[in-house]
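Notes to accompany the following structure.
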Amino acid sequence: MSQPKTERFRRILEAARKRDGSSGTDTMIVNSHLTQMRMFMLRQGLEFYPSQDTFGFRKSFLAALIEENEIDARLEGIIDDFLIDGKGLWYFRPVRDTYRLMWFSKDNYRAYYDPAGELEEVELIYSFTVRDTLGSVGAMPSDGGSIRYVKLQVRRDVIKESITTEKPSFEVGIQSLNYAPNSTRTLRNSLGFIPAVEAFNTMRSTGMDATGEFDWLADHIVTHDDLVKNIRANITFYGNPTLVSSRPKQDLVESGDGEEFRPTISSQAGFYAANRPSTRVSMPLGGGGGGMKVPRIIANIEATDRVAYITPDAVSGDQNLYARQYREELRNALGGVDELGVSTGATAYEIKSLFGRAATTASRKCRGLLTYGLCKLLALIVFHEEQIFRDSFAAAVGLEPPPVPVREEFPDPAQFEQAIQAFQDARGKFESALEAKIREAVQNRQLPQGVVGLIPDGDRRVEWRWKGPVFEESTEDILNSSIVVRNLQELGVNSIEALRYLFPDKTDEERSAMLSGYPFRMAQATQQSIGTFLSLIQNMRQIPHPQAPDLPLLADPKLDLTPYVYRALEFLKRELTYAGQYNDGDGSGDPAALDPIQRGRADRGLTAGDAGGPSFVPDDSSSGIYPGSAGFGAPGQPLAGGVPGAPRQLERDAVLPAPGVRLTDDPTGGPYPGGLPAGTGELPGGSVRYGAADLNVPTNAGLFPGDAGTGPELQQRVERSRERRVSAKRQQRKS
């Protein structure tokens, strides 16, 4: 595809993504397909639930997490990005006692995998807004406006955060060498793994990559846009009828320039206006208008004059049919259905079946976005909550993990190997003792004080389902499904399996919970069958055997009915005692996390790579040095906050602006290492903060240099400062 068409295709996609109706795009293929996919992917809403929840805490935890992050409201825009780009990244960050879930489109992240296919590093870029107020950095023209950019480099041991006024880049080159962030800090990753999951829409057969939904039809979409543009231009140009006449134009529509008077057909017929008198000597019949005026106009046309209206065919039938067929073919190639061209469906059932193609396509998209994306991310959060439970439980019961040996403390390699072996033995005993105490506390349903997190409960998978269908089922459909369930039960199918036809979106555990009542019909039928078997046995005891008249028929071992009675009793017992099934976690969904030795080294501010692989320890200076250049810590060198040997701050305790947040002050001049504290005169980049510090910094309101005060005195000074500012503004308004 040529460069102009490529640019037009990109403009069509961005207009659909941003929902910009003034972009000059005429084709509605992209917009219609996105709307249809959103409808079938979201339907009446999504619900996320744990695959196993013995104690009932996981479901409420997930519901609160989804509601707090407003995932339901964000999914429409996320689906647009996912379909247009072909992939995206789910990322979460612990923020004190909760988690912040974020979605990054294709242009805002880079994911790097190790040879085993596990995430090794993630780079993220997003922006936030600073409010333009007096004295704020966002109001200064020298720093590029009020938009700030955050770049995160996330690895299993550390997280590097950079905030800048210039948009950073993922590329390593001249631009990255000249890149100078306003503030940079290195934090310790308390999770021990990368809290991100990359979701793919249409994956290739090999490799961790995917293509966009519309990329392979780019040329066809641009062609359809040209076709629609031409049709619209024809309608605009030829939509109004055209007057054709052999008379001059001035005789038909013009009366003259200025006050000059030129006879026209209408004036000769007696028509006149306030500024256009009639050229007839006498008034027309009927005074100021009547039925004779039109015949007089026609009568004034000579025999050689021709006047007629021509209404051209703006859009021919072939052109209209071709555009419609082209649109249907494109929608069909995308896996959807053209709602305006459903010509193959004659009945409601056929139309509903036809839309099943769009529903199937949407289900596949949901599998990539939700099953292998958001649900895996939520499973990682559950995994971390269980780790928090284990750590807090060990601290509550007084179990201390063995100290991690550090290579730098052992000059002799042999001694270090012995220390590693001793640590592994002690770690195994610690894990065994902790598991035993957790099992005992769970069985007794008595947890110690101070334990937080989620109780380990086997399988950690998270599932999703729709809250309702697109096409509502009628009462007749529900009745037919219930008839199918009853017929299956009469055939001997267990109730949980049969109820799948009536409640297809519920899990087996939920169906088991629904069967907690007494099935009187099933019990009555089973009891009658047992009574039939018993009466048959009684009759067989009284009837002699044909081949042995001295023995009853019941004595024949081939006619033993006891197993059938047992089977009927077992069936009755199962129908009355349905219960959920516990699935132990197999560890297949666990993330590639740091081992205890690597975690201990990271906690001390050391590189974690010495114990098990390469490590990434960025420099904490504001020089903007990124991977591929000098400035990284050497193996074993403690780097934390720019101070060797100092413990790093946890990322969950570090304040970081969220995308789109409007702040009252610039965080680049705030608590970030490498930046100047708020209230100073000089700022990074040579900007000057005008005004006094007590006016620019709300936390220092009312305090003068060298002034001290806490508690009530500080509050009083704050109130006095606020009153002085209010009175000054009033005085300024009066003046």
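The values are calculated or read from the model by the stated rules, or taken from the named source; none is laboratory data. Values in this document were obtained by computation on a predicted structure and should not be read as measured data. Glycine gets a Cβ as well: all are built from the backbone with ideal geometry, and neighbour counts include every protein chain shown.
A few remarks follow.
- Residue 51, sole failed condition from (1) closer than 18 Å to residue 367 by Cα; (2) under 15 Å from the mean Cα position of the chain (by Cα): (2)
- Helices (runs of 4 or more DSSP H) within segment 464-582 that include 2 or more residues loosely packed, with under 12 Cβ neighbours inside 10 Å and aliphatic (A, V, I, L, M): 475-490
- Inter-residue pairs, beta-carbon under 7 Å, first at negative phi and in segment 591-604, second at pLDDT 80 or above and in a helix (DSSP H, G or I), 6+ apart: 591/380; 591/383; 596/427
- All positions within segment 200-219 that are of a type in the set (A, V, I, L, M, F, W, C) and in a strand (DSSP E or B): 200, 203, 210
- Flag for residue 361 being among the hydroxyl-bearing types (Ser, Thr, Tyr), over 28 Å from residue 72 (Cβ atoms) and touching a residue at least 24 places away in the same chain (Cβ under 8 Å): no
- Residue in segment 296-309 that is at pLDDT 65 or above, farther than 30 Å from residue 79 by Cβ, assigned to a loop (DSSP other than H, G, I, E, B) and among the basic types (Lys, Arg) present: yes
- Residues that are among the hydroxyl-bearing types (Ser, Thr, Tyr) and either surrounded by fewer than 19 Cβ atoms within 10 Å (Cβ to Cβ) or closer than 20 Å to residue 507 by Cα (or both), drawn from segment 28-53: 35, 49, 51
- When residue 383 is tested against (1) closer than 30 Å to residue 596 by Cα; (2) among the hydrophobic types (A, V, I, L, M, F, W, C); (3) at pLDDT below 90, only condition (3) is not met.
- Matching entry among 417, 339, 386 (being exposed (fewer than 15 other Cβ atoms within 10 Å of the Cβ) and either without any contact (Cβ under 8 Å) to a residue 12 or more places away in the chain or in contact with a Pro (Cβ under 8 Å, 6 or more places away or on another chain) (or both)): 417
- Restricting 21, 56, 86 to those that are among the small types (Gly, Ala, Ser) and buried (at least 20 other Cβ atoms within 10 Å of the Cβ) reduces the list to 86.
- Only one of 463, 431, 497, 435 that is acidic (Asp, Glu) and over 27 Å from residue 191 (Cα atoms): 497
- In segment 186-199, the residue that is nearest to the chain's Cα centre (by Cα) out of those that are of a type outside the set (A, V, I, L, M, F, W, C) and part of a loop (DSSP other than H, G, I, E, B) is 195.
- The listed residue being more than 24 Å from residue 471 (Cβ to Cβ), in a helix (DSSP H, G or I) and of a type in the set (Ser, Thr, Tyr), out of 23, 32, 60: 60
- Candidates 127, 176, filtered to the one that is over 20 Å from residue 653 (Cα atoms), of a type in the set (Gly, Ala, Ser), at pLDDT 90 or above and surrounded by fewer than 18 Cβ atoms within 10 Å (Cβ to Cβ): 127
- Test set (1) surrounded by fewer than 16 Cβ atoms within 10 Å (Cβ to Cβ); (2) within 19 Å of residue 598 (Cβ to Cβ); (3) modelled with pLDDT under 90; (4) within 40 Å of the chain's Cα centre (by Cα) - residue 404 fails condition number: (1)
- All of (1) assigned to a strand (DSSP E or B); (2) under 15 Å from the mean Cα position of the chain (by Cα) hold for residue 94 with one exception: (2).
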